[in-house]
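Here is the structure we will look at.
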Amino acid sequence: MITLLAPIIVPVLGALGYVVAGWRRSTAWVSAGSAVLVLATAIATALDVARSGPRTAIAGLLRVDALSAFMLIVIGAVALLATIATPAFLRAEITAGRATARTATRHSVLVQLFLAAMALAVLAANLGVVWVAIEATTIVTAFLVGQRRTRAAVEAAWKYVVICSAGIALALLGTIVLNYAASRAPGGAVGLDLAALAANASMLDSGVTRIAVVLLILGFGTKAGLAPLHAWLPDAHSQAPAPVSALMSGVLLSVAFYAILRVKVIADGALGTGFARTALAVMAIASLLVAASLLLAQRDYKRMLAYSSIEHLGLVALGAAIGGPLALAAVLLHILGHGLAKGVLFLGAGRILQVTGTSRIGDDQGGVRGLAARHPVLAGCVGVGVLALIGLPPFSLFASELGIARAGFAAGMGWVTAAALILVLVIAAVLVGHTSRMLLGTPPDGPGAATTTRHLPWPTAIALVGGLLACATLGVTAGPLSSLLHLAADTLVGAR
C-alpha cells in the first residue's frame, strides 16, 4: 500500500517543503529527489504487479495494474530528466534577470503538484477521479505556462486554459453520460469504477454508451493534443519553461491518452472494436496532417518540437485504433520512447534559448545557426535527439513505429497505415532540414549568435545524455519491461 501511495504523497511533500523552505541552494535538488522516489516506487510497484496481479488501496479508490504501473514508470523517468536539469535552468534564468528566487519557488511547488496530479490520474480506480486529476493538471500547468509573464506567455496560458477546459468539459459530460449508462445496466451497481465498467461493458446501453465514448475521446483527446482541438499545444509548449515543456510533451499528453485507452476498453466491450477504431483512426490521420502541413513553414524550434508532439500522439492514436497485443505493446513503448526523446529535446531547446536569446531557426536574416561550432555537446545531443525522434535505429521509436506499422497491415488497415507512414516520412525530412540549419553552417552575428562559452552545465548534460542512452537501450532491448508491456497490452485487450 505504501508503494501505491508514494507516487502521489512524495511530490505533495516536496511541494510542501518548497512552500516552507523556498527554493535555494540547499533545496534545489528536492524535486530531483522526489522524481527518483517516484521512479523507484513505480519500478517496485511494477515488479509487484507482474508477480501478483493488480493491487488496490484506500478502500478501492486507487488501483494499479500493469498499465498503471507502466505509466508510473513513464512519469518517473521523464520527471527525473526534467528535474535534474531544472536547478541549472532556474539559476541561469535568475542570473539573466528573467526570474527570481520567488519565481523558482513557485515553479518548484507547481511542478511537484503537477507530478502528484499525473500520478493520481493513472492510479485512480474511478473514471470520475481520473477526470478530476487531469483537470487538476490543467490548473497547475496554466500557471507554469505563463511563468515568464510576457504577453506571449500569458496569451498562451489563457489559450491553454480555454481550449483544454472546453475539452475537459466534454469529458465531464461524457463521464456523466457513461455513469447514466452504467446505472441502467442490470443491477445498476457498476458506477464509474474502471475495472467494473470494463468487465460489464457488454451490459451497457449501446446508444447511450456511444454518445459517452465520443465525448470522452474528444475531451481527453483535446488534452492529448489530438486534432481537431490541438491548437493550444504549440503556444503552450513554446512559452512554458523548458523543464515544464519536457513534462507536458513527454508525460502530460500521454497521461491524457491513458484515459482514452481506458475508455477504449469499455467501448470495445460495449460497442465492438469498430466504433473506437474509426474515431481514433480519423483523429490520428488528422493529427499527422496538421503536424506535417504546419511543420513545413515552421521557423520556431520550440514550436517545431510541439508540432512533433502532435505527430507522435497521432501515431499513438493510430496504434490504439489498430488494437491487438502487438500494436498496443508498441503504443506503450512509443509513449516511453517519445517521452525520453522529447524530454531531451525540450531541455536542449531551453538551453539553446538561454545561450542565443532567440527561438528562431537560422536563416539569412539571423536566428540559431552554426550551433555546433560553439556548443558542440549541446548541438550533438539535440542532433542525436532529433534522430531518435524521427525513429532511426537503434532508438526505441524505430521499434515502436515498426510494431505499429506491422500490426496495422496485419489488421487490414493497410491504407490508413500507409498514409500515416508517408506523413511520418515527410515530417522526418522537415525535422532534419530545420535542425541541420540550426546546428550546421557559420554562426551568425547579432541576435541568434551563441555566446563564446562552450560550457554545458553538468546536470543538463547528464539529463540529455542519460535520456538518449535510455532511449537507445530500449530500442535494443526492452529488458525487464518486456513482460510489463505484454501484461499492459493484455489489460487493454481484456485478457487480464
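The values are calculated or read from the model by the stated rules, or taken from the named source; none is laboratory data. Here the structure is a predicted model, which means the values were calculated and not measured. Cβ: placed from backbone, ideal geometry, glycine included. Neighbour counts: every protein chain shown. Side chains included, ligands, DNA and RNA excluded: accessible areas come from the protein's heavy atoms. Shrake-Rupley method; radii C 1.70, N 1.55, O 1.52, S 1.80 Å.
A few notes on this one:
- Matching residues in the stretch 263-275 - criterion: being part of a helix (DSSP H, G or I) and either surrounded by 24 or more Cβ atoms within 10 Å (Cβ to Cβ) or not charged (D, E, K, R) (or both): Val263, Lys264, Val265, Ile266, Ala267, Gly269, Ala270, Leu271, Thr273, Gly274, Phe275
- Scope the stretch 178-200; condition farther than 16 Å from Ala259 by Cα, hydrophobic (A, V, I, L, M, F, W, C) and either open to solvent by less than 60 Å² (accessible area, probe 1.4 Å) or in contact with a Ser or Thr (Cβ under 8 Å, 6 or more places away or on another chain) (or both); matching residues: Ala181, Ala182, Ala185, Val190
- Val154 vs. criteria free of Cβ contacts under 8 Å to residues at least 24 places away in the same chain and either assigned to a loop (DSSP other than H, G, I, E, B) or within 25 Å of the chain's Cα centre (by Cα) (or both): yes
- Members of the stretch 276-299 that are open to solvent by 30 Å² or more (accessible area, probe 1.4 Å) and either within 21 Å of Leu336 (Cα to Cα) or not in a helix (DSSP H, G or I) (or both): Ala297, Arg299
- Qualifying residue in the stretch 436-445 (condition: in contact with a Cys (Cβ under 9 Å, 6 or more places away or on another chain), farther than 30 Å from Ala327 by Cα and surrounded by 14 or more Cβ atoms within 10 Å (Cβ to Cβ)): no
- Taken over the stretch 1-16, the residue count meeting the criterion of being more than 23 Å from the chain's Cα centre (by Cα) and at pLDDT 95 or above is 2.
- Selection of the stretch 362-380 for residues being closer than 14 Å to Thr435 by Cα and part of a loop (DSSP other than H, G, I, E, B) yields Gly362, Gly367, Arg369, Gly370.
- Inside the stretch 66-94, residues that are touching a helix residue (DSSP H, G or I) at 6+ places or on another chain (Cβ under 8 Å) and either open to solvent by 10 Å² or more (accessible area, probe 1.4 Å) or under 15 Å from Val111 (Cβ atoms) (or both) make up a count of 20.
- Scanning the stretch 11-47 for residues that are touching a helix residue (DSSP H, G or I) at 6+ places or on another chain (Cβ under 7 Å), open to solvent by 30 Å² or more (accessible area, probe 1.4 Å) and part of a helix (DSSP H, G or I) yields a count of 9.
- Close pairs from the stretch 332-355: first within 19 Å of Leu481 (Cβ to Cβ), partner open to solvent by 10 Å² or more (accessible area, probe 1.4 Å) and outside any helix (DSSP H, G or I), Cβ under 8 Å, at least 6 apart: Leu333/Ala478; Gly337/Phe395; Ala341/Phe395
- Scanning the stretch 100-125 for residues that are farther than 30 Å from Thr56 by Cβ and touching a Lys or Arg at 6+ places or on another chain (Cβ under 8 Å) returns a single hit, Ala101.
- The residue pairs whose first member lies in the stretch 95-112 and is over 19 Å from Leu247 (Cβ atoms) and free of Cβ contacts under 8 Å to residues at least 60 places away in the same chain, whose second member is part of a helix (DSSP H, G or I) and of a type in the set (Gly, Ala, Ser), and whose beta carbons are closer than 9 Å, counting only pairs six or more residues apart or on different chains, are Arg98/Ala92.
- Residues being touching a Pro at 6+ places or on another chain (Cβ under 8 Å), open to solvent by 30 Å² or more (accessible area, probe 1.4 Å) and farther than 17 Å from Leu431 by Cα are entirely absent from the stretch 324-336.
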